[in-house]
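A quick write-up on the structure given underneath.
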Amino acid sequence: MSKLKIEGNNCLTGTINVSGAKNSAVALLPAALLCKNSSKIYNVPKIRDIEYLIKILKILNCDYKINDNALEINTANLKNTPIPEELSEQMRASYYFMGSLLARFKKVEISFPGGCHIGARPIDLHIKGFKALGANVEIIKNKYIITAEKLHGARIYLDFPSVGATINLMLASSYAEGTTIIENAAREPEIVNVASFLISMGAKITGAGTNTIIIEGSEILDNGSTEVFPDRIEASTYIVLGALVGKDLKIKGFIKDHINSVLTKLNECGVKFKIQNDEITISKCKNLQTTDIKTEVFPGFPTDMQQVFTVLLAKANGISTVTETIYESRFKSAELINTMGGNMKIKDNVLTIHGPVELKGKELYIPDLRGGAALVLAALIADGTTYLDNITLLLRGYEDIVEKLQNVGAKIKIVE
Ligand code: EPZ
């Protein structure tokens, strides 16, 4: 089983280019099935989740062509094949095939989705929305069978502004007869990215990015074309790394408005940086201040950055707290960093971090995707060598992470 071998305490300098966003791309590929024939998606990150989604496209008899980060999909011969467990359980985003196949065929059969073990992660809001649109939902063993005579517009209120439910219901309502209004919708950039793709194929959608989205059902959608937004979580991850061990480290190709909450928290910690257009230059902060983080839906501090940010707070002078409001158990990486010398206490959904601490390299097992990123940063500031096992989880969401870090001087490599 291959592992990551990381030598710590190296100063990093050079430029890291940000890739396309995982959480946009994993929704755009299923969304392409709404096109009667062809669609194009640019800036697709080369990550494991995309590989799995392409396996599902193949099972559905889709034709596709990948040319570097550009993906062309043709659904003229699409077959509504049941999506098997060994694929649907590989990631959470497989559930987006529910919305697109239900819209196109009025029927979809798919096994339960997977995803990082960071909480219960039910999909009750998705199901409630499908039913509001006129669908019948059955669960047989661990499979969803969703059917509809006809899909009609509906007013759907989301009890929680769920990213997945918002996107899935935009997909499912695209061919519904009449108008669908999604209230208390999620406002994450991924929603805007998917809506712009649907609009490019002829959908009539307004309000994406606000908490009320209106979708007028269409007769036919085709010839979609879009570009995956830059990954705001990947960009933020490398920016935090720059504050830990950078020397004029440059991170290029992000959208500032997508990461303002992270930049604000870095300012509160006393971190200095320079931003020019879509490039930030950042160096190690020698006197890190404490701050308090509370994860929120967009535009608040993103839950996907919570674990990575705790590594910075472990080096701050004093006591910081992190309150995780989105998921029930997303502190596993903090427990592992404690075994490296961290001093973090968990009480309910609050993590109290005492710093600054010195971390020591260790052999660790990556617990989840973003926890894996946190362990990579911890290893890069630790004394000695760290080995990280279960790197498949990390490669799910960070394109070329080993090469990108090697290019700026990190002593990191994959070993058997
Ligand atoms: C997306 O997950 C992302 N995943 C997550 O990123 C991200 O953390 C999350 O949005 C919030 O930004 C993908 O886009 C593939 P939610 P999603 O529906 O859609 C509860 C990463 O590391 N909920 O907004 O699953 C749910 O349990 C991953 O890249 C319900 O209760 O997020 C969770 O506690 C991790 N019922 C909260 O809402 C539902 O029907 C947020 O879920 C749906 C969600």
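The values are calculated or read from the model by the stated rules, or taken from the named source; none is laboratory data. Values in this document were obtained by computation on a predicted structure and should not be read as measured data. When we count neighbours, we look across all protein chains shown, and the Cβ atoms used for this are built from the backbone with ideal geometry, even at glycine. With ligands, DNA and RNA removed, areas are computed over all heavy atoms of the protein, side chains included. Shrake-Rupley method; radii C 1.70, N 1.55, O 1.52, S 1.80 Å.
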(request) Using only the Cα atoms of the range 1-125, each taken as one equal point scatterer with no solvent, compute I(q) by the Debye sum, divide by I(0), and report log10 of the ratio at q = 0.18 Å⁻¹. (result) -0.98
(message) Quick check: convex hull of the Cα atoms in the range 91-174, volume per residue, rounded to a whole Å³?
(response) 83 Å³
(request) Tabulate in residue order the Karplus-calculated ³J(HN,Hα) for the range 292-297, using 6.51 cos²θ - 1.76 cosθ + 1.60 with θ = phi - 60°, rounded to whole Hz; enter x for Gly and Pro. (result) 10, 10, 10, 6, 9, 5
(request) Could you tell me the convex hull volume per residue, in Å³, taken over the Cα atoms of the range 290-348? (result) 76 Å³
(request) Might you report the magnitude of the Cβ-based charge dipole of the chain about its Cα centre, with Lys and Arg at +1 and Asp and Glu at -1, to the nearest 20 debye? (result) 400 debye
(request) Taking all pairs of distinct Cα atoms, average 1/r, flip it, and tell me the Kirkwood hydrodynamic radius of the range 276-416 in Å to one decimal place. (result) 15.7 Å
(message) In whole percent, and with a 1.4 Å probe on the protein chains, what portion of the accessible area of the chain is carbon and sulfur?
(response) 50 percent
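Find out how many positive minus negative residues lie around K40, taking Lys and Arg as positive, Asp and Glu as negative, among other residues whose Cβ is under 11 Å from that of K40. Walk me through the numbers before you get to the answer.
Values: positive: K65; negative: E72, E227.
For residues surrounding K40, the net value is -1.
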(message) If amide hydrogens are placed 1.01 Å from N in the peptide plane, which non-local residues have theirs closer than 5 Å to the one on S19?
(response) D231
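Report the net charge of residues surrounding K204, where surrounding means a beta-carbon distance below 14 angstrom and charges are Lys +1, Arg +1, Asp -1, Glu -1. Spell out each step's value before the answer.
Values: positive: none; negative: E177, E216, E219.
Residues near K204 contribute -3 overall.
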(message) Bin width 5 Å, origin at 0, all Cα-Cα pairs of the range 36-95: what percent of pairs per bin?
(response) 4, 18, 28, 25, 19, 6
(message) Using C-alpha positions alone, give me the convex hull volume of the range 196-261 per residue in cubic angstrom.
(response) 92 Å³
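Using only helices, what value at 222 nm comes out for the chain when you add -39,500 (n - 2.57) per DSSP H run of length 4 or more and divide by the total residues, to the nearest 500 deg cm²/dmol?
Numbers: 14 runs with 129 residues, N = 416.
Estimated from H runs of four or more residues: -9000 deg cm²/dmol.
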(request) With a point put 7 Å past each Cα toward its Cβ, work out how far N317 is from D257 in nm, to one decimal. (result) 3.8 nm
(request) Would you mind giving the average projected area, over all directions, of the Cα convex hull of the chain in nm² with one decimal? (result) 18.2 nm²
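Just to confirm a number: summing +1 for Lys and Arg and -1 for Asp and Glu over residues other than L364 whose beta-carbon lies under 10 angstrom from that of L364, what do you get? Don't skip to the answer; put the middle values down first.
Details: positive: K3, K362; negative: E363, D389.
Once positives and negatives cancel, what remains is 0.
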(request) Tabulate in residue order the Karplus-calculated ³J(HN,Hα) for the range 187-201, using 6.51 cos²θ - 1.76 cosθ + 1.60 with θ = phi - 60°, rounded to whole Hz; enter x for Gly and Pro. (result) 10, 4, x, 4, 5, 5, 4, 5, 4, 5, 5, 4, 5, 5, 9
(request) Enumerate the residues in the range 248-285 having an amide nitrogen under 11 Å from the point lying 7 Å beyond the Cα of C11 toward its Cβ. (result) 248-249, 284
(message) Once the cut-off is 20 Å, how many percent of the Cα-Cα pairs in the range 1-66 end up in the long-distance tail?
(response) 45 percent
